[in-house]
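See structure below.
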Amino acid sequence: MSSFFNEKFQDLEAYIPGEQPKDQTYIKLNANENPYPPSPGVLEVINESSVRGLNKYPDSNITRMKMLLAEHFQVQEDNVFVSNGSDESLAMAFMAFCDRDGIVFPSITYSFYIVYAELFGLAYREIPLEKDFSIQIEDYINIHQNIIIANPNAPSGLALSRAEIEEIVQSNPENLVMIDEAYVNFGGETAVPLIQKYDNLLVIHTFSKSHSLAGARLGFAIGNEEIIGDLEKIRNSINPYNVNSLSMLAGEQAILDHEYYMAQCQRIMDNRKILTDELRKFGFKVLDSKGNFILVEPRGILAKSYYQALRKKGILIRYFGTDQLKDYVRITIGSEEQVRILLERTEEILENR
Ligand SMILES: *Cc1c(COP(=O)(O)O)cnc(C)c1O
């Protein structure tokens with residue numbers, strides 16, 4: 001640490017992304033990436049002519065993408081905010097809205113929430129999950145604090161219904177409720193229609209998981225036009241060119257190719273069912289996931305040993321190793337072939353232990 005570093009950041013614990021080792025090629029099931037490539041349409045729009053256009057700044061108003069998203073979600077363009085990954089929407093929303101009354105979130109969830117709360121010096125409170133990792137919605141009713149919930153939650157994969165989200169939003173009218181729907185296209189129910197009715201709801205989405213564009217860094221948020229206006233003020237005060245022109249083109253085309261992505265999501269859900277069923281046959285405990293990942297408690301082998309053994313065999317999964325998750329691993333749902341290989345390696349590991 002340099003002697004120049006702002007004192008308030010000295011104890012900051014940054015987010016730790018999933019490992020990306022380069023010593024060999026791994027089957028990478030540790031970052032909830034989509035195993036399938038972007039749509040053929042996206043491959044076409046990233047071409048010589050779009051690369052030539054890189055000498056110009058991107059459209060700082062993100063006009064076409066907002067128009068396409070508004071059309072897709074049946075909202076107005078001023079209900080849409082676009083960001084460099086949804087992490088940026090989250091960061092800007094934490095910065096913009098959560099100073100007064102602090103923010104609450106489940107004790108086991110996306111670990112960036114706590115990082116942003118610390119970074120922006122926000123008061124935060126973690127609400128414990130039930131033993132089965134479910135969210136008790138009563139804990140979020142009438143609490144007079146800002147709220148963020150990932151729905152489906154990570155890494156549990158468990159989801160709340162739109163009606164349950166509505167109860168939470170309705171009972172906290174003076175505070176902002178943020179619903180992070182990074183995984184909603186893998187079987188969840190979106191809260192977007194509720195924004196017509198509630199002006200304290202912000203729904204955050206990403207192209208990283210269901211739309212095979214993690215590398216493009218694209219996310220967006222949908223909410224009341226005043227909330228979106230505030231986010232625009234923050235964005236234009238940090239980086240009005242937050243979305244680069246190639247990613248913008250890719251994202252616009254991805255919205256148009258919705259059917260392609262929904263078909264890939266269905267494949268992932270089918271693969272999730274196969275993986276869940278087969279791991280349960282080994283005696284593993286697997287939560288019922290609505291995400292492109294499953295939370296698994298191995299049996300007959302420690303979670304950490306299972307993670308290490310798979311790594312030796314060229315497969316990366318996520319082992320968190322925290323107190324609450326030390327007996328669990330999170331496995332991203334891969335392609336049909338990746339699932340088959342994972343199951344074969346698991347069987348070998350269990351036979352040779
Ligand atoms: C992956 C993920 C994000 C971040 O997505 P990016 O758009 O890649 O920044 C946000 N929230 C949750 C819950 C996630 O799992």
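The values are calculated or read from the model by the stated rules, or taken from the named source; none is laboratory data. Keep in mind it's a predicted model, so treat the numbers as computed, not measured. For neighbour counting, all protein chains shown are included, and Cβ atoms are generated from backbone atoms with ideal geometry for every residue, glycine included. Note: areas computed on protein heavy atoms with side chains; ligands, DNA, RNA excluded. Shrake-Rupley method; radii C 1.70, N 1.55, O 1.52, S 1.80 Å.
Quick notes
- Residue, nearest to the ligand (Cβ to nearest atom), within region 184-210, restricted to residues that are open to solvent by 20 Å² or more (accessible area, probe 1.4 Å) and in a loop (DSSP other than H, G, I, E, B): Lys209
- Residues of region 257-273 that turn out to be of a type in the set (A, V, I, L, M, F, W, C), within 20 Å of Ser86 (Cα to Cα) and crowded, with 16+ Cβ neighbours inside 10 Å, as a count: 1
- Residues that are open to solvent by less than 10 Å² (accessible area, probe 1.4 Å) and within 16 Å of the ligand (Cβ to nearest atom), drawn from region 274-299: Gly291, Asn292, Phe293, Ile294, Leu295
- Sole residue being more than 26 Å from Ala250 (Cα to Cα) and either open to solvent by 60 Å² or more (accessible area, probe 1.4 Å) or at pLDDT below 95 (or both), chosen from Asp101, Asp78: Asp101
- For region 128-153, filtering for residues that are open to solvent by 10 Å² or more (accessible area, probe 1.4 Å) and either closer than 24 Å to Lys285 by Cα or among the β-branched types (Val, Ile, Thr) (or both) leaves 12.
- Top-ranked residue of region 99-131 - restricted to ones that are free of Cβ contacts under 8 Å to residues at least 40 places away in the same chain, under 19 Å from Pro155 (Cβ atoms) and of a type in the set (Ser, Thr, Tyr), ranked as farthest from the ligand (Cβ to nearest atom): Tyr116
- Residues in region 20-54 that are of a type in the set (D, E, K, R) and surrounded by fewer than 14 Cβ atoms within 10 Å (Cβ to Cβ): Lys22, Asp23, Glu44, Glu48, Arg52.
- Which numbered condition Ala221 misses (of (1) among the aliphatic types (A, V, I, L, M); (2) within 13 Å of the ligand (Cβ to nearest atom); (3) closer than 19 Å to Gly291 by Cβ): (3)
- Selection within region 81-98 - open to solvent by 20 Å² or more (accessible area, probe 1.4 Å), within 15 Å of the ligand (Cβ to nearest atom) and more than 18 Å from Asn153 (Cα to Cα): Asn84, Glu88
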